[in-house]
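To keep things clear, I will list the structure first and then write my remarks on it.
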There are 2 protein chains.
Amino acid sequence: MSGWEDIRAEVLRRIRMRVWPLGAAIPGEEELAVEFGCARATVNRALRDLASKGVLERRRKAGTRVVAIPVRKATLDIPVIRQQVEALGRRHSHRVLVQDMRQPPGAIRDQTGLSERLLYLETLHLADGRPFVFEMRWLNPAVLPPLPDFAEISANEWLVTSVTYATGEIAFAAEGAGTAEAAAMGVAMGVALFVTERVTRDAEGVAITHVRLAHAPGYRLRTVM
Amino acid sequence: MSGWEDIRAEVLRRIRMRVWPLGAAIPGEEELAVEFGCARATVNRALRDLASKGVLERRRKAGTRVVAIPVRKATLDIPVIRQQVEALGRRHSHRVLVQDMRQPPGAIRDQTGLSERLLYLETLHLADGRPFVFEMRWLNPAVLPPLPDFAEISANEWLVTSVTYATGEIAFAAEGAGTAEAAAMGVAMGVALFVTERVTRDAEGVAITHVRLAHAPGYRLRTVM
DNA sequence: CAGTGGTCTAGACCACTCG
DNA sequence: GAGTGGTCTAGACCACTGG
């Protein structure tokens, strides 16, 4: 027993076996380093990892304790739509249905903090020619480089390469298909669609884009714990 | 400039400014440590963090390069339902609607790898007395401690404290309300519901439980990037 | 096989925060 | 104020893998 992953495993074992009960404090790093016969940095690495996964809670001076009611954390991959399609072994294409400048509605203004006129795009993404995702996007030209021809490269893909590593919020929901979605995706109104909504911001917190993706019926977002 | 977070910020800046273009290799840790005037371990920490977020790709011998088409990673919190409800400032309660031993249907057998008879539970979770989540759960008694009275403590909550830090898979989808869900939640058939499906496994990979949570209309799963 | 990242060590200082 | 985790350093060895 010496690597930090071994130490993490031993700590987990003690939690499972109730050697360290839920909600209880565990020994300090120094003490564990002595017991495990390793450097404190190694213990630190193991405990920090478990804290990042919601198993432990750590505070200076207060020490480390096992979380009483764990809030598990899972990691999601947010790929570009073209990659999603190609990962399924299908061919991606897209069609721009709407592109103009317009005033954002109230809901978009609230989420982005932008009230000026924005570029609005409706794009249908296809997998092997069949509807895959219906995208409704608002772009803030004020904080973007010169825009390309979105018939050539989808806004979805252009943004990840032109705006590297921005921050923002994501939300997932289930919604019945609206008029535009039903028409574009060839489904009945009200059919349950998986919807992803995202606001992307630059380093100063100014909104770059707001996008709403409605996925075709049957779509599942997966991950492991 | 000296902490690992400062170094991470500087690396990100260079990527955004295209000093290091998308897809290109960046200097080795040794070289960067000299340039930044810090220890190699500090550079390592910064680069490892960016790799875990999908910005960099690292391989021994091959070195570190900027990912050409970034796959952003987001972290989700998976709380216990009672915590979710209470975080909204509402009061949680639950009702067990069905509890018996039965043969799992094909879909559950495929996902869990279990074909023997399992304990089946249908539970309705309420927030301030109104339907919040409809839970359909399969439990494998063979790998569980003695079961409690699920009218007292919901299976959802009992499991997180009795089966600490298990692994498994999660999937999210949008589905129209089925017969059981429509009746239990008081909504019309076919209404779009946000559905969470989870398989939990013990250390040996044996399925402990399969659960399907149908959230009441309006539910949104949120996170930040 | 050799270069690069992955990890460990022993020691040190610091920042936060509980009491 | 003092105890605990957070981080940094300088050096070392190791594991993986590309050429």
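The values are calculated or read from the model by the stated rules, or taken from the named source; none is laboratory data. These numbers were taken from a predicted model, which means no experiment stands behind them. Every residue, glycine among them, receives a Cβ derived from its backbone with ideal geometry; neighbour counts consider all protein chains shown.
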(message) Can you list residue pairs whose Cβ atoms sit under 6 Å apart, with the first residue in the stretch B:66-89 being over 19 Å from B:G168 (Cβ atoms) and the second being part of a loop (DSSP other than H, G, I, E, B) and aromatic (F, W, Y)? Count only pairs 6 or more apart in sequence or on different chains.
(response) B:V66/B:W20
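Residue-wise test of (1) on the phi > 0 side of the Ramachandran plot; (2) not aliphatic (A, V, I, L, M).
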residue	(1), (2)
A:R14	no, yes
A:M17	no, no
A:R45	no, yes
A:G54	yes, yes
A:R58	no, yes
A:R90	no, yes
(message) Looking only at residues that are surrounded by fewer than 16 Cβ atoms within 10 Å (Cβ to Cβ) and more than 12 Å from chain B (Cβ to nearest Cβ) in the stretch A:70-95, which one is nearest to the chain's Cα centre (by Cα)?
(response) A:L88
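Is there a residue in the stretch B:104-113 that is polar (S, T, N, Q), in a strand (DSSP E or B) and more than 14 Å from chain A (Cβ to nearest Cβ)?
At the first step, the residues of the stretch B:104-113 found to be polar (S, T, N, Q) are B:111-112.
Retained after the next criterion (residues that are in a strand (DSSP E or B)): none.
No, there is no match, as no residue in the stretch B:104-113 is polar (S, T, N, Q), in a strand (DSSP E or B) and more than 14 Å from chain A (Cβ to nearest Cβ).
Which of the following residues is among the aliphatic types (A, V, I, L, M) and away from DNA strand D (no atom under 16 Å from the Cβ): A:L50, A:L32, A:L56, A:L22? Please lay out each step first, then the result.
On the way: A:L50 fails: away from DNA strand D (no atom under 16 Å from the Cβ); A:L32 fails: away from DNA strand D (no atom under 16 Å from the Cβ); A:L56 fails: away from DNA strand D (no atom under 16 Å from the Cβ).
Among A:L50, A:L32, A:L56, A:L22, only A:L22 is among the aliphatic types (A, V, I, L, M) and away from DNA strand D (no atom under 16 Å from the Cβ).
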(message) Looking only at helices (runs of 4 or more DSSP H) that lie completely in the stretch B:1-69, which have at least 1 residues being more than 11 Å from every other protein chain (Cβ to nearest Cβ), near DNA strand C (Cβ under 10 Å from one of its atoms) and small (G, A, S)?
(response) B:29-36, B:40-52
(message) For the stretch B:165-187, which positions are facing another protein chain (nearest Cβ under 7 Å) and of a type in the set (A, V, I, L, M, F, W, C)?
(response) B:I170, B:A171, B:F172, B:A173, B:A174
(message) Of all residues being more than 16 Å from B:T75 (Cα to Cα) and surrounded by 13 or more Cβ atoms within 10 Å (Cβ to Cβ) in the stretch A:49-66, which is farthest from the chain's Cα centre (by Cα)? Just the residue, please.
(response) A:G63
(request) Please work out if B:R90 is of a type in the set (K, R) and either outside the structural domain of B:A192 (by TED's automatic domain parsing) or assigned to a strand (DSSP E or B) (or both). (result) no
(request) Would you please list the contacts, defined by Cβ atoms under 8 Å and residues six or more apart or on different chains, that run from a residue in the stretch A:1-27 that is closer than 17 Å to A:R59 by Cα to a residue that is more than 10 Å from DNA strand C (Cβ to nearest atom) and among the acidic types (D, E)? (result) A:P27/A:E35
(request) Identify the single condition in (1) more than 13 Å from chain A (Cβ to nearest Cβ); (2) touching a strand residue (DSSP E or B) at 6+ places or on another chain (Cβ under 6 Å); (3) within 27 Å of A:G190 (Cβ to Cβ) that B:G190 does not satisfy, given that it satisfies every other one. (result) (1)
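Yes or no, residue by residue, for (1) in contact with a Lys or Arg (Cβ under 6 Å, 6 or more places away or on another chain); (2) of a type in the set (V, I, T):
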position: B:I170; (1), (2): yes, yes
position: B:E175; (1), (2): no, no
position: B:V191; (1), (2): no, yes
position: B:G205; (1), (2): no, no
position: B:H210; (1), (2): no, no
position: B:Y219; (1), (2): no, no
